[in-house]
Amino acid sequence: MHTIIEPFRIKSVEPLKKTTVQERERLLAQCGYNLFLLAASDILIDLLTDSGTSAMSTNQWAAMMRGDESYAGSESFYRLRDTVQKLTGFRHVIPTHQGRAAERILFTVMCKPGHTVPNNTHFDTTRANIEFAGAEALDLPLPAAADTQVRLPFKGDLDLDALEQLIAGRGPERIPLVLVTVTNNSDGGQPVSMANLEAVRRITHQHGIPFYLDACRFAENAWFIREREPGYSHMSPRQIAMKMFSLADGCTFSAKKDAFANIGGFLCTNDDMLAKQEKDLLILTEGFPTYGGLAGRDLEAIAAGIEEVLDPDYLEYRIASTGYLGRHIADAGVPIVEPPGAHAIYIDAGRMLPHIPRQQYPAQSLAIELYRHAGIRGVEIGSVMFGAHARNELLRLAIPRRVYTQSHIDYVVESILEVNARKDGLRGCEIVEEPAFLRHFTCRFRPL
Ligand code: F0G
């Protein structure tokens, strides 16, 4: 077996700026120890998110040059629509400026007060958009997945017993749709099995409930199915992805993840009536249905990206390189959400720093220290972000696609292990200023 290499070479580079510990201490004090408020140019390795941060290919840049910027009937739209239809089989493809715009339109049309929308785990914008429509967003993850150390091949699955109980208890008329997020971002980036998707389809269709995928990391999920689920090793990622989509009645999609685009998304459905209402709403705030708030060149980048991401060499490298980071820190004693997912490694800061109580935000304290020590930015996913609803105190290190090389990741590993070696000296922090909602973006902290 040879080393799994980056299956690309680099044509255009962005310089990284180094800063000293003293400079970073000053910058931290200035931004109230909230890493969202740092200038990106002051960060050496930015693992805040894998969303919109991908490096595009020569093929995508070339496609952008032929972007058709016509207001109506753009050729670029037809190219995107045909690509998406070939992959997903959905009748209607509605472009949007990003995933959350697709969510807002879908839930505005489908949800009312008194409704409940289950999901394996809702992403924060998904939950917020469901609640904004007056409905309840309910997470139904596997109970076993709450333990970060438990290794299951498909830890992102939806709890089928809980779904059946919910339908029996509330009645199908109060459940306008069931969502499944692939991969399950908010629960550690864990994959969902084909068997689970098939079961969700069977249960929902028995009760006449539509089934939608939140599909932004569909290709990474398909790769895990190929690797881990019996019966799929001979199938291509494309064939597996096609099967995943064939089970659903529609999807929301953020093209900022697996489509390697810097902006964009879409909403798909097989329901003609819904599609009509959705397009009317789209025109109100996003734009005409052949551009949906995007430039023609963005539609081209997405169409090209959706094809590229299904390359087995790319997916093998992607999952191996994230696993490399995860294994190197976990095997040296840093607790992570096990097993590693595809787009991010989540350090279990609650477990790593048991001397820092929840109320003093262990994952935020670790985020601050990792930036102070090494110029690396991760994001807290714990009590700062979710308050009392947080299941764990996690620091997410999301890996932008095709952006960092293995030596960058080796530097990240070294830095984390250095911080881990003196973890007992780390202190917590407190919030000194916070807005009324979504506080993690703008609140200010004080180290204790
Ligand atoms: N669904 C999931 C599972 C997501 O991870 C995201 C975004 C969205 C929907 C919304 O898409 O950003 O295009 O509006 N996740 C990013 C992240 C922001 O950092 O995990 P969007």
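The values are calculated or read from the model by the stated rules, or taken from the named source; none is laboratory data. Nothing here was measured: the structure is a model prediction, and the numbers come from that model. FYI the Cβ positions are ideal-geometry reconstructions off the backbone, even for glycines, and counts take in every protein chain you see. Calculation scope for accessible area: heavy atoms of the full protein, side chains included, ligands and nucleic acids excluded. Shrake-Rupley method; radii C 1.70, N 1.55, O 1.52, S 1.80 Å.
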* Based on the alpha carbon coordinates of the range 58-308, what radius of gyration and maximum Cα-Cα distance (Dmax) apply, in Å? -> 17.5, 54
* Structure fact -> Expected max-MSF residue from ASP161, ASP410, ASP124 in the GNM of the chain (alpha carbon, under 10 Å) is ASP161
* Asked: At a Förster radius of 22 Å, what calculated FRET efficiency corresponds to the Cβ-Cβ distance of SER41 and ALA436, to the nearest 0.05?
  -> 0.15
* Asked: Which one of THR405, PHE224, LEU179 is farthest out on the positive end of the charge dipole of the chain, using unit charges on Cβ (Lys, Arg +1; Asp, Glu -1) and the Cα centre as origin?
  -> THR405
* To do: Please figure out what share of the DSSP beta bridges in the range 58-308 is antiparallel and state it in percent, rounded to the nearest 5.
  => 50 percent
* Over 31 Å (Cα to Cα) - which of LYS11/LYS423; LYS11/LYS155; LYS257/LYS279 fall in this group -> LYS11/LYS423; LYS11/LYS155
* In percent, what relative contact order does the chain have, based on Cα pairs under 8 Å that are 6 or more apart in sequence? -> 23 percent
* For the chain, find the longest principal axis of its Cα atoms and tell me its angle to the long axis of helix 21-30, 0 to 90°, nearest 10. => 60 degrees
* **Quotient of Cα Rg and 2.2 N^0.38 Å for the chain, N being how many residues it contains** => 0.96
* Most fluctuating residue of GLU433, GLU286, GLU308 in a GNM of the chain with Cα springs under 10 Å: which is it? -> GLU433
* Hey, what angle do you get for helix 406-421 against the long axis of the chain, alpha-carbon based, 0 to 90 degrees rounded to 10? -> 50 degrees
* Can you list the lysines whose alpha carbon is less than 18 Å from that of LYS112, not counting same-chain residues fewer than 8 positions off? -> none
* For the chain, what is the charge dipole size about the Cα centre, in debye to the nearest 20, if Lys and Arg each add +1 at the Cβ and Asp and Glu each add -1 at the Cβ? -> 360 debye
* Structure fact -> Scalar couplings 3J(HN,Hα) for the range 316-324 by Karplus 6.51 cos²θ - 1.76 cosθ + 1.60 (θ = phi - 60°), nearest whole Hz, x for Gly and Pro, are 4, 5, 4, 6, 5, 6, 5, x, 4
* Asked: Anyone know which of MET385, MET194, MET273 comes out most mobile in the 10 Å Cα GNM of the chain?
  -> MET273
* **Hz values of 3J(HN,Hα) by residue in the range 347-353 - Karplus curve (6.51, -1.76, 1.60), Gly and Pro given as x** => 7, 7, 5, x, 7, 6, 10
* Any chance you could check the Cα centroid distance between the range 311-382 and the range 237-295 for me, in angstrom? => 31 Å
* Structure fact -> At R0 = 25 Å the Cβ-Cβ FRET efficiency linking MET273 and GLU69, nearest 0.05, sits at 0.20
* Solvent-accessible area per residue, Å², over the range 58-308 with all protein chains present [probe radius 1.4 Å] -> 37 Å²
* Asked: Please identify the trypsin sites (Lys or Arg not before Pro) of the range 106-172 that satisfy two criteria: DSSP loop assignment and at most 14 other Cβ atoms within 10 Å. Which are they?
  -> ARG151
* For LEU448 paired with GLU198, estimate the spin-label separation in nm (one decimal), with each label point 7 Å from Cα along the Cα-to-Cβ line. => 5.0 nm
* Simple spin-label estimate for ARG151 and GLN406 in nanometres, 7 Å along Cα-Cβ -> 2.2 nm
